[in-house]
1. If I filter region 353-360 for residues that are in a helix (DSSP H, G or I) and either closer than 21 Å to Gln145 by Cβ or open to solvent by 50 Å² or more (accessible area, probe 1.4 Å) (or both), do I get at least one hit?
2. Quickly run through region 283-294 and pick out the residues that are over 14 Å from Trp265 (Cα atoms) and open to solvent by 50 Å² or more (accessible area, probe 1.4 Å).
3. Just to be sure I understand the filter: pairs with C-beta atoms under 6 Å, separated by 6 or more residues or on different chains, first member in region 278-297 and at negative phi, second member part of a loop (DSSP other than H, G, I, E, B) and crowded, with 19+ Cβ neighbours inside 10 Å. Which pairs pass?
4. Give me the pairs: first residue in region 49-75 and farther than 19 Å from Lys344 by Cβ, second residue among the charged types (D, E, K, R) and part of a helix (DSSP H, G or I), beta-carbon distance under 7 Å, and six or more apart or on different chains, which are they?
5. Write out, first by first residue and then by second, each pair whose Cβ atoms fall under 7 Å of each other, whose residues are 6+ apart or on separate chains, and whose first residue, in region 156-168, is over 14 Å from Phe135 (Cβ atoms) while the second is small (Gly, Ala, Ser) and assigned to a strand (DSSP E or B).
6. Could you run through region 222-240 and say how many residues are in contact (Cβ under 8 Å) with a residue 12 or more places away in the chain and surrounded by fewer than 19 Cβ atoms within 10 Å (Cβ to Cβ)?
7. Condition (residue is touching a Gly at 6+ places or on another chain (Cβ under 7 Å), crowded, with 20+ Cβ neighbours inside 10 Å and modelled with pLDDT under 90) applied to region 168-191: is it met by at least one residue?
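The values are calculated or read from the model by the stated rules, or taken from the named source; none is laboratory data. Source: prediction; values computed, not measured. Reconstructed Cβ throughout: ideal geometry from the backbone, glycine too, with neighbour counts over all protein chains shown. Just so you know, the surface numbers come from the protein's heavy atoms only, side chains and all, with ligands and any DNA or RNA stripped out. Shrake-Rupley method; radii C 1.70, N 1.55, O 1.52, S 1.80 Å.
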Amino acid sequence: MSMSSIRFEESYEIVVPDNDVQTVTVMSRGVHEHKVEERNTTTRLLSPVRKSVSKYIKCGLSHTQIKSSLVQDHPSTPLTETKLRSLVNYERRKNRPEIFSVFDLRNWCNEHSEGKQIHSTFVPFYTVDDINNTFVFFTTKQLFQQIRLTTYLQVDATYKITWNELPMLVFGSTDANRHFKPFGIALVSHDENAKCYNQLFTSINALAVQEFNHPCSIDHLMADGALGITCAQQTVFPQSRRMMCWFHMIQKCRLHRNLVTKEQWVSIDADLHAIQLSFSDDVFNRGITLLIQKWSANPLMKNFSDYFVDQWVTKLPFWYEGAAYGKPSTNNGCESMNAVIKQKYTLRNKLQLSAFLPKMEQMLQDWSEASISSPFALVTSISLEAELHAYKWSFGWICIGLVNGHRSMVLLNGRHHVGWFHRLRRVHVPLVSNNIHANTPLD
């Protein structure tokens, strides 16, 4: 006759009362344990796997990374994709605020509307009506302090951040050491028109008045070619110059190279790179005039010439170096920050709001603390190695004085730059130095 065996264990507890030390009470409790083969079957993942998943979640790993780690740590354990995904979602929900409605998000924003500490998340302005009308401005007191140190504002939008497909706007500026410093972010419903950028720029100005008793002094606004940014800039910062990212500009031009032949495009591309080096408005304007005259002489270039004049001379002309002295001519610094956000914080996942908000708080705190350890540089740091290199380079320079309504100077080094300047002489800029002669051969 077969019998099921059950193993019993005894646990004992001895109690001695304080008022009667002669009395000793011994209590026992029987604990039984079934053999492994006699336990009830369960469909959930094994406990060691569950513990590993909990550990991976705390480390911030993505679903793909968790799955790869489990294969390494538990090679003999079968993993079901559905069960694993359910477990990952459960573990992620355990330590984050449960926000599933507009009401919850509005309450969360209201709780962070004061910015009690310099590194804590600060939400001074927000509008949360529904998914199609959302604007939330995030920063910290420390981060926003930096905006007083510059008149150059950079803005860019990044996507695939939230499960709701809400775009996120990042704004900041590049310091004298060419390091991008973020000032804050904004979560918006969409960025297809000027409304969200209008809200962003207006909020920046309003917060500056609130914190510093005066609006922001913005002389240059750098962004891509989005029409909504241009319209908002003309409304909120009409005195500023709307800078166009050179990288985006040449990229757009290359998308239209099918308007000309391959041989013509090679010449056009070289001309655009030469014009982009213009070091003043006057040089750029004269160079553009000569460039259009050159293209107009060839009827096959008319379509590209018309496109170029309309888009990059009339609408967005400030993509050359001299448009903002000592400032970046591309928006790469701001856009590289978008890559950092996805690599370090969202792990390239589209997060629900309940997961996005804690990540965003951690991100803002990291940026805020970094702004103290690595402050906004107002003067470029020059190493001894760079000074030595510049000293050696200076032996080959040619000094040319130019007259454009004010005194200016350009340093040319090497035959390539001499050739570039020789082509520029067609603009009839007078020479102060005779170091370059009219019959100097070009490269």
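1. Within region 353-360 (the criterion being in a helix (DSSP H, G or I) and either closer than 21 Å to Gln145 by Cβ or open to solvent by 50 Å² or more (accessible area, probe 1.4 Å) (or both)), the answer is yes, since at least one residue qualifies.
2. Answer for region 283-294, where residues must be over 14 Å from Trp265 (Cα atoms) and open to solvent by 50 Å² or more (accessible area, probe 1.4 Å): Asn285, Arg286, Thr289, Leu290, Gln293.
3. Every condition considered, the pairs that remain are Ser278/Tyr320; Phe284/Ser278; Phe284/Tyr320; Gly287/Ser278.
4. Ser52/Asp73; Val53/Glu91; Ser54/Glu91
5. Within 7 Å, the pairs are Asp156/Ala223.
6. 8
7. yes
Residues are listed down the side, and each one gets a yes or a no for (1) open to solvent by 30 Å² or more (accessible area, probe 1.4 Å); (2) in a loop (DSSP other than H, G, I, E, B); (3) at pLDDT below 95:
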{"residue": "Asn258", "(1), (2), (3)": "yes, no, yes"}
{"residue": "Phe279", "(1), (2), (3)": "yes, yes, yes"}
{"residue": "Phe308", "(1), (2), (3)": "no, no, no"}
{"residue": "Lys327", "(1), (2), (3)": "yes, yes, yes"}
{"residue": "Asn338", "(1), (2), (3)": "no, no, yes"}
{"residue": "Ile341", "(1), (2), (3)": "no, no, yes"}
{"residue": "Lys344", "(1), (2), (3)": "yes, no, yes"}
{"residue": "Asn349", "(1), (2), (3)": "yes, yes, yes"}
